[in-house]
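Okay, structure first, notes after.
Each reported figure results from applying straightforward, stated rules to the coordinates on display, with no laboratory input. It should be emphasised that the depicted structure is a prediction, and the values quoted were computed from it without experimental measurement. Because the Cβ atoms are built from the backbone with ideal geometry, glycine has one as well, and the counts that use them run over all protein chains shown.
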Amino acid sequence: MLVTADWPGIASDLPPGGLLRFRADVAARIWPDPEDVRFAVEYGVPHARGLFRIAEGIARQDPAVPAEAFAREVELEPVDTPHGRLQPLGELYQADVLVRLDDGTIWVSDPDSEIEFELVNRDLSSLAYLVYMFEAERPEPGERPTPYDWADIGETIRGDITAWDALPFESGAQFWGTYLDSYPMM
């Protein structure tokens, strides 16, 4: 587990059903490291108003999770790619999100991108923390941030995740940078 932030504190900041957790049997098949399995089962990934939606067949049952938090059309079988065997996890900002089975890295497959499969996070905890940061830094309804405010929010998000995982915003990475550019319109 790469990001060792205050996960109990983060979990307590989210509304009931705000964390999309993985079934223990599925997590054990996907992640070889017991710490990664524990993280997937205990915390998973924040829903963050739909930024992440979990594949229904791998999600731990929680009646507090809203129905729209499930990606129902995601295939559950691993996919062979030029980058290795990838297990679909759900959807992330209109793209399929997958984990490489041999190392736990997180990938996206976005039909609108020039890149068929892009490596976006070094592990699930990095993905979860970045999704959480986008939700935590989102202005409250009624606030009217200036372009400078948005730039500050973007720098805060980049700085916080880069302290744990530089990959999301490394030179050449496109997915998270594109999302960050569209973030003020969300």
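By the gyration tensor of its Cα atoms, with a ≥ b ≥ c the square roots of the eigenvalues, what is the shape of segment 1-113: rounded for a/c under 1.5, prolate for a/b over b/c, or oblate? Intermediate values should be presented prior to the final figure.
Numbers: a/c = 1.64, a/b = 1.23, b/c = 1.34.
Because a/c hits 1.5 or more and a/b fails to exceed b/c, segment 1-113 counts as oblate.
Among the trypsin sites (Lys or Arg not before Pro) in segment 1-71, those placed in a DSSP loop whose Cβ has at most 16 other Cβ atoms within 10 Å are 23.
Tell me what the chain gives for mean residue ellipticity at 222 nm when only DSSP H runs of n ≥ 4 count, each as -39,500 (n - 2.57), the sum divided by the residue total, rounded to 500 deg cm²/dmol. Mind showing how you got there, number by number?
Values: 6 runs with 60 residues, N = 186.
Helices in the chain give a 222 nm mean residue ellipticity of -9500 deg cm²/dmol.
Extending 7 Å from the Cα toward the beta-carbon at both residue 73 and residue 170 defines two label points whose distance is 3.2 nm. Applying 1/(1 + (r/R0)^6) with r as the Cβ-Cβ distance of residue 13 and residue 156 and R0 = 22 angstrom yields a FRET efficiency of 0.90.
Let me check I've understood the local charge: for residue 49, count other residues with C-beta under 15 angstrom from its C-beta, Lys and Arg +1, Asp and Glu -1. What total comes out? Could the numbers behind the result be given before it?
On the way: positive: 53, 138; negative: 13, 68, 91, 135, 137, 140.
Around residue 49, the charge tally is -4.
The residue 28 and residue 181 beta-carbon pair, evaluated with R₀ = 30 Å, returns a calculated FRET efficiency of approximately 0.20. The spacing between segment 95-152 and segment 1-44, judged by their C-alpha centroids, is 17 Å. Calculated FRET efficiency, residue 163 to residue 135, Cβ-Cβ distance, R0 = 25 Å: about 0.85 to the nearest 0.05. Along the Cα-to-Cβ line of residue 115, 7 Å from the Cα, sits a label point; which residues in segment 122-136 have backbone N less than 16 Å from it? Inside the label zone: 122-123, 127.
Report the GluC sites (Glu not before Pro) located in segment 16-110 that are in a DSSP loop and have at most 12 other Cβ atoms inside 10 Å of their Cβ, or state none. If you can, show how the numbers build up before the last one.
Working: sites: 35, 42, 56, 68, 73, 75, 91; in loops: 73, 75.
Counting only loop positions with at most 12 other Cβ atoms within 10 Å, the GluC sites (Glu not before Pro) in segment 16-110 are 73, 75.
Approximating the spin labels as points 7 Å out from Cα along Cα→Cβ, the residue 148-to-residue 62 distance works out to 3.9 nm.
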